[in-house]
Amino acid sequence: MMNIQEMATAVEHNLDVKIILMNNQALGLVHQQQTLFYQQHIFAATYPKRTDFLKIAAGFGLDTCDLNAEADPQAALLAAIQRPGPCLIHALIDINEKVYPMVPPGAANIEMIGE
């Protein structure tokens, strides 16, 4: 949500951009770092109430696609990508999914780690 205003820009200029939101109902990197480096002391990194990002995107005027609500998510993804104009593509993922490579807290980019 740090750059949510960019949705308005995408609509205003009818940019052909696709935003793929892998929603783990948390601040992904913050949650991952707290899990891996701070003994799973999770603080201010999860959203206990589900944020409806599809409604937010629609409020800005973007087309939306909820892959979790589709009978054929792959076909829906392809259709959303091929549709002209801006679109938010939403995929609910498990909160424990990790993203690699990542840079540990306090480390330099050259110290990134894989799985």
Quick check, is Val99 in contact with an Asp or Glu (Cβ under 7 Å, 6 or more places away or on another chain), of a type outside the set (Asp, Glu) and at pLDDT below 95? no
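Only one residue in Phe43, Phe53 is closer than 30 Å to Ala107 by Cα and of a type in the set (Phe, Trp, Tyr), so which one is that?
Answer to the selection: Phe43.
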Can you tell me which residues in segment 45-57 are within 21 Å of Met7 (Cβ to Cβ), surrounded by 15 or more Cβ atoms within 10 Å (Cβ to Cβ) and without any contact (Cβ under 8 Å) to a residue 40 or more places away in the chain? Phe53, Leu54
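Considering only segment 22-33, I want to know if a residue exists there that is without any contact (Cβ under 8 Å) to a residue 24 or more places away in the chain and under 16 Å from His90 (Cα atoms).
Initial filter on segment 22-33 (without any contact (Cβ under 8 Å) to a residue 24 or more places away in the chain): 27, 30.
From what is left, the residues that are under 16 Å from His90 (Cα atoms) are 27.
There is at least one residue in segment 22-33 that is without any contact (Cβ under 8 Å) to a residue 24 or more places away in the chain and under 16 Å from His90 (Cα atoms).
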May I ask you to verify whether Ala10 is in contact with a strand residue (DSSP E or B) (Cβ under 6 Å, 6 or more places away or on another chain), more than 27 Å from Tyr100 (Cβ to Cβ) and part of a helix (DSSP H, G or I)? no
Return yes when Pro73 is exposed (fewer than 10 other Cβ atoms within 10 Å of the Cβ) and within 30 Å of Glu12 (Cβ to Cβ) and no when it is not. no
Looking at segment 85-114, I want the residues that are in contact (Cβ under 8 Å) with a residue 12 or more places away in the chain and have a partner that is surrounded by 10 or more Cβ atoms within 10 Å (Cβ to Cβ) and of a type in the set (Gly, Ala, Ser) with Cβ atoms under 7 Å, at least 6 apart or on another chain. Which pairs are those? Pro86/Ala10; Cys87/Ala80; Leu88/Ala57; Ile89/Ala80; Ile95/Ala26; Val99/Gly28
Residue check, Phe60 in contact with a Pro (Cβ under 6 Å, 6 or more places away or on another chain) and either of a type in the set (A, V, I, L, M, F, W, C) or in contact (Cβ under 8 Å) with a residue 12 or more places away in the chain (or both): no
Could you tell me which of the residues Ala44, Ala26, Ala8 is within 16 Å of the chain's Cα centre (by Cα) and not acidic (Asp, Glu)? Ala26
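The values are calculated or read from the model by the stated rules, or taken from the named source; none is laboratory data. Worth saying up front: this structure is predicted, and the values here are computed from it rather than measured. All Cβ positions, glycine included, derive from the backbone under ideal geometry; neighbour counts span all protein chains shown.
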